[in-house]
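Chemist: Sharing a structure below in structure tokens format, with a few things to ask.
Laboratory data are not the source of any read-out in this text; all were calculated from the coordinates shown. The shown structure was predicted, so the numbers you read here are calculated from the model rather than taken from an experiment. All Cβ positions, even for glycine, are placed from backbone atoms using ideal geometry, and neighbour counts span all protein chains on display.
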Amino acid sequence: MNKSYFEEVIQQTDAYKRYGKIHRVVGLMIESKGPEASIGEVCMIHSPAREQAPMQAEVVGFHNENILLMPYQEVIHISPGSLVEASGGPMKIHVGRGLIGSVLDASGRPLDGSRLPRGLKEYPTIQEPPNPLSRPPVREPIQVGVRAVDSLLSVGKGQRIGIFAGSGVGKSTLMGMIARNSSADLNVIALIGERGREVREFIEHDLKEEGLRRSIVVVATSDQPALMRVKGAYTATAISEYFRDLGYNVNLMMDSVTRFAMAQREIGLATGEPPTTKGYTPSVFALLPKLLERTGSSTHGTITAFYTVLVDGDDLNEPIADTVRGILDGHFVLDRKLAEQGRFPAINILKSISRVMKQMVSEDHARAASQLRSHLATYEENRELIQIGAYKKGSSRDIDESMAYYPRLVEFLKQDVYEPAGYERSVQDLKGLFE
Ligand SMILES: Nc1ncnc2c1ncn2[C@@H]1O[C@H](COP(=O)(O)OP(=O)(O)OP(=O)(O)O)[C@@H](O)[C@H]1O
Ligand SMILES: [Mg+2]
């Protein structure tokens, strides 16, 4: 560190503190006169009771020369005239290898209240996506460890997938399987807007110790302020970006991007944005691509991302589902009918697609996959006829074949939660079905 370094620091240092005063509080929104602060900047609100730690809030807008703040915590111990101090910058988190194996809150601190390990680096949570021209294309498959996915919906390093599903059809179980079985170097798992009870359940039952050992979990439960649920998504994405910069192949799993959108809607409505489709505000549709484009591949490493989207019934045209599907490079649809029949993982192969699979896999692999799809499609189309016995064997060669293959295909697609499945083996087994 030479002299010019210090000179630079001194030049950049804000020599005086900027304060403002609380003017009014309406619902989630805190209005204050001053300080001069820009959008996204973190401010500290000092309570009149000295012993209380200052409360953190973020600038989300302006109104008649007042600044609009949204709190990171529940609003307590503030009163008219409470001092607001500008911190000078947006929220930063601390990242490093020491975080692997830990469970963090939305601001990147350990959820159990313990201290962060030493040797971490300060890192901003909001970043620009990699330049589209410098993004390497997705070319190399990554092992997901789920047979149906590796063989029929092959995922590439740096691909971004939406998992569309209703409640209770196996999203968490599937994410746990991917975290335990995948060949990625690290999993970053963001639990956004889940019920508190589910967090522990996910970590203990789905992820297990073996999964947690190679994961970082970021949690913002449904009872947290909307801003923290949004931040949780940014924090998890930033952690993934940090490791991608180090050359890692990262798996980012976000459950759910719908809850992220709902939290942003809450913020939008509170700051006075007009509701548009289904009450979602314009900023939701502006921020979704910004969030989802940050993952994928860069010149250093890759972030393969899985975003769950909540859908009611089969309605994939709901605005969030529709927007997300348009941005990502593939979608898996989890089907309640399959779950009800106990056919887990309940991935509806015919409705799911991996948009980069063709460019990645060998010709005979692709051929076997399309053979399976066509048998499955033929069977599903004629399922009712077959099941009520109205179909006469011999009337159609296609249907006869699909009927012969069907039980084997169903068996192939089923996978127990703790049944491991390697990529090569799954592809081999797929080809084996038709040999
Ligand atoms: N591969 C599987 N094998 C056997 N059972 C499974 C499998 N996947 C899911 N299940 C069953 O489905 C149930 C629901 O799964 P899970 O909790 O993963 O769903 P979810 O979509 O995360 O639900 P929620 O919407 O409540 O978060 C589980 O309790 C489990 O019994
Ligand atoms: Mg779940």
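Chemist: Post the alpha-carbon centroid distance, region 359-403 to region 40-104, in whole angstrom.
Modeler: 58
Chemist: Within the chain, which whole H helices from DSSP have a Cα span along their axis of at least 18 Å and a mean Kyte-Doolittle hydropathy of -0.5 or more, if any? Kindly include the intermediate steps, with their values, before the conclusion.
Modeler: Details: long enough: 226-245 (29 Å, -0.04); 257-270 (20 Å, 0.39); 363-381 (27 Å, -1.14); 397-413 (23 Å, -0.31).
Sorted by number, the helices that extend far enough and score high enough are 226-245, 257-270, 397-413.
Chemist: Do you know the relative contact order of the chain, to the nearest whole percent, from alpha carbon pairs under 8 angstrom that are 6+ apart?
Modeler: Numbers: 877 pairs, mean separation 71.6, N = 435.
RCO, the chain: 16 percent.
Chemist: Right, here's the next one. Would you mind telling me which residue in GLY98, GLY196, GLY20 has the biggest mean-square fluctuation in a Gaussian network model of the chain, where springs connect alpha carbons within a distance under 10 angstrom?
Modeler: GLY98
Chemist: Cα-Cα pairs above 38 Å in the chain: how many percent?
Modeler: Details: 28096 of 94395 pairs.
The calculated P(r) of the chain puts 30 percent of pairs beyond 38 Å.
Chemist: Amide H of GLN224: which non-local residues (sequence gap of 5 or more, or other chain) have their own amide H closer than 5 Å, using H built in the peptide plane?
Modeler: Residues meeting the amide H criterion: none.
Chemist: Report, in debye and to the nearest 20, how large the dipole of region 301-435 comes out about its Cα centre when Lys and Arg carry +1 and Asp and Glu carry -1 on their Cβ. It would help to have the intermediate numbers written out before the result.
Modeler: Values: 17 positive and 22 negative charges, 56 e Å.
Result for region 301-435 is approximately 260 debye, rounded to the nearest 20.
Chemist: Connecting C-alpha atoms closer than 10 Å in a GNM of the chain, tell me which of MET177, MET360, MET262 has the biggest fluctuation.
Modeler: Answer for the Gaussian network model of the chain: MET360.
Chemist: Listing ILE353, ILE22 from the residue with the fewest other Cβ atoms within 10 Å to the one with the most, what is the order? Can you show the working numbers first?
Modeler: Values: ILE353 16, ILE22 19.
Ordered from fewest to most neighbouring Cβ atoms within 10 Å, ILE353, ILE22 come out as ILE353, ILE22.
Chemist: Next question. Taking a 31 Å limit on the Cα-Cα distance, which of the listed pairs LYS290/LYS337; LYS21/LYS92; LYS208/LYS358; LYS278/LYS358 fall beyond it? Write down the numbers at each step before the final one.
Modeler: Details: LYS290/LYS337 34 Å; LYS21/LYS92 24 Å; LYS208/LYS358 34 Å; LYS278/LYS358 36 Å.
Long pairs (Cα-Cα over 31 Å): LYS290/LYS337; LYS208/LYS358; LYS278/LYS358.
Chemist: Tell me, in nm to one decimal, what length is gained between ALA286 and GLU74 on full extension, where the rule is 0.36 nm per residue of separation less the Cα-Cα distance?
Modeler: Full-extension gain reported as 73.6 nm.
Chemist: Whose amide H sits under 5 Å from the amide H of TYR72, counting only residues 5 or more places off or on another chain, with H placed in the peptide plane?
Modeler: GLN56, ALA57, GLU58
Chemist: Among 227-238, 82-93, how do they line up from the highest to the lowest mean number of other beta-carbon atoms within 10 Å? Can you show the working numbers first?
Modeler: Working: 227-238: 26.2, 82-93: 19.2.
Result, highest mean first: 227-238, 82-93.
Chemist: Exposure proxy check: GLU266, GLU241, GLU424 ranked by fewest other beta carbons within 10 Å?
Modeler: On the way: GLU266 20, GLU241 26, GLU424 9.
The order, fewest Cβ neighbours first, is GLU424, GLU266, GLU241.
Chemist: If you don't mind, another one. Rounded, prolate or oblate: which one fits region 315-369, using the alpha carbon gyration tensor with axes a ≥ b ≥ c (rounded when a/c is under 1.5, else prolate when a/b beats b/c, else oblate)?
Modeler: Numbers: a/c = 3.63, a/b = 1.18, b/c = 3.06.
Oblate, since a/c reaches 1.5 and b/c is not below a/b.
Chemist: Next question. How much length would be gained if the chain were fully extended between LEU111 and ARG367, taking 0.36 nm per residue of separation minus their Cα-Cα distance, in nm to one decimal? Display every interim value, and only then the final one.
Modeler: Details: separation 256, 0.36 × 256 = 92.16 nm, distance 4.73 nm.
My answer for the length gained is 87.4 nm.
Chemist: Mind checking the full-extension length gain between GLU36 and ASN317? Use 0.36 nm per residue of separation minus the Cα-Cα distance, one decimal, nm. Present the calculation step by step, with values, prior to reporting the outcome.
Modeler: Details: separation 281, 0.36 × 281 = 101.16 nm, distance 4.25 nm.
Separation in residues times 0.36 nm, less the Cα-Cα distance, equals 96.9 nm.
Chemist: What are the ³J(HN,Hα) values, in whole Hz, obtained from phi via the Karplus relation 6.51 cos²θ - 1.76 cosθ + 1.60 with θ = phi - 60°, for each residue of region 114-131 in sequence order, with x given for Gly and Pro?
Modeler: Whole-Hz 3J(HN,Hα) from phi for region 114-131: 6, 7, 6, x, 6, x, 8, 10, 6, 8, x, 8, 9, 9, 7, x, x, 4.
Chemist: Taking amide H positions as placed in the peptide plane 1.01 Å from N, state which residues far from ALA190 in sequence (5 or more) or on other chains have amide H under 5 Å from it.
Modeler: Result for ALA190 returns VAL218, MET253, MET254, ASP255.
Chemist: Further, regarding this structure: Going by how many other beta carbons lie within 10 Å of each one, how would you line up VAL149, VAL60, fewest first?
Modeler: With the sparsest Cβ surroundings first, the list reads VAL60, VAL149.
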